[in-house]
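Below: the structure, in structure tokens.
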Amino acid sequence: MAEPPKPPSKPVIATPADAPQVVIREGLPTLVREGRVYPPMLFFGSSTDERRAQTVLDELKMAGEAGIHLHSHLVEFEVDPEAVDSSVAIAAYMLKKSVELDSESQVIFRIVFQAPRNWQQRFPNAKFNMQGGGIAEPSVCDDEFWGVAKSCLESFVRKLRMLDLKDHILGVHIERGEWF
């Protein structure tokens, strides 16, 4: 009997020397950027509207004053190329405010993928029903939907890397319904 085919290998992604990294230090995974170690504690804020944004920023300031300089901001990320610039604008605003309030800020954007309006028509293979009835979120098995999501995310990251405050961006945390 023949062996099943092996999955194609993917090339190793080059890591720039100045990129944030998780390294093993004294046997423990440690977050490092340009030689600086960041404690594994961060402030997370969900700024889904102006009122919440102000609360998050007030709390971020207190976190920075307490020595917590790693900050995470949720970005509701609509899977639509036309919505990428809006997500970048929100991220840029939260980054700017974070640095104004804590000059040592290192920001991780927690990207929460959201299906665009009428996604069921645009991505019919992503549609499935929940066990109790009703339409579930787009299936993680639909290559077309997640291909667009990948393209949007790549565009988002490219645009973030062009921001003046890019040195305060530690990375992105990809989320889809609390799976990381």
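The values are calculated or read from the model by the stated rules, or taken from the named source; none is laboratory data. Predicted, not measured: the structure shown is a model, and the values here were computed from it. Quick reminder, even Gly has a Cβ in these numbers, built from the backbone with ideal geometry, and neighbours come from all protein chains shown. Protein only, heavy atoms only, side chains kept; ligands, DNA and RNA dropped before computing areas. Shrake-Rupley method; radii C 1.70, N 1.55, O 1.52, S 1.80 Å.
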Fill in: the chain - mean residue ellipticity at 222 nm from DSSP helices (-39,500 (n - 2.57) per run, n ≥ 4, rounded to 500)
-10000 deg cm²/dmol
Practice prompt. Would you mind checking which residues have amide H under 5 Å from ARG110's amide H? H placed 1.01 Å from N; only 5 or more apart, or other chain.
Written response: HIS73, LEU74, VAL75, HIS173
Worksheet item: Hey, rough spin-label estimate for MET62 and LEU165, points 7 angstrom out along Cα→Cβ, what's it come to in nanometres?
Response: 2.1
Item to complete: Report, to the nearest 10°, how far helix 143-160 tilts away from the longest principal axis of the Cα atoms in the chain, using its own Cα long axis and a range of 0 to 90°.
Response: 20
Worksheet entry | Helix 84-101 axis, angle to the chain major axis (alpha carbon atoms, nearest 10°) | 20
Fill in: Probe 1.4 Å, accessible area per residue of the chain, Å²
66
Fill in: Spread of Cα-to-Cα distances over 5 Å intervals beginning at zero, given as percent, for segment 33-109
3, 16, 27, 23, 15, 10, 5, 1
Item to complete: Against the globular-protein guess of 2.2 N^0.38 Å, express the Cα radius of gyration of segment 1-64 as a ratio, rounded to two decimals.
Response: 1.90
Worksheet item: Count of lysine pairs in the chain with Cα atoms under 30 Å apart, counting only pairs 8 or more residues apart in sequence or on different chains?
Response: 19
Item to complete: Give, in nm to one decimal, the length gained when the segment between ARG51 and VAL23 is fully stretched (0.36 nm per residue of separation minus the Cα-Cα distance).
Response: 6.3 nm
Worksheet, complete the sentence: Hydrodynamic calc, the chain: Kirkwood Rh from Cα pairs, then Stokes-Einstein at 20 °C with viscosity 1.002 mPa s, so D in µm² s⁻¹ is 116
Fill in: Rounded to 10°, Cα long-axis angle of helix 50-65 versus longest principal axis of the chain
50
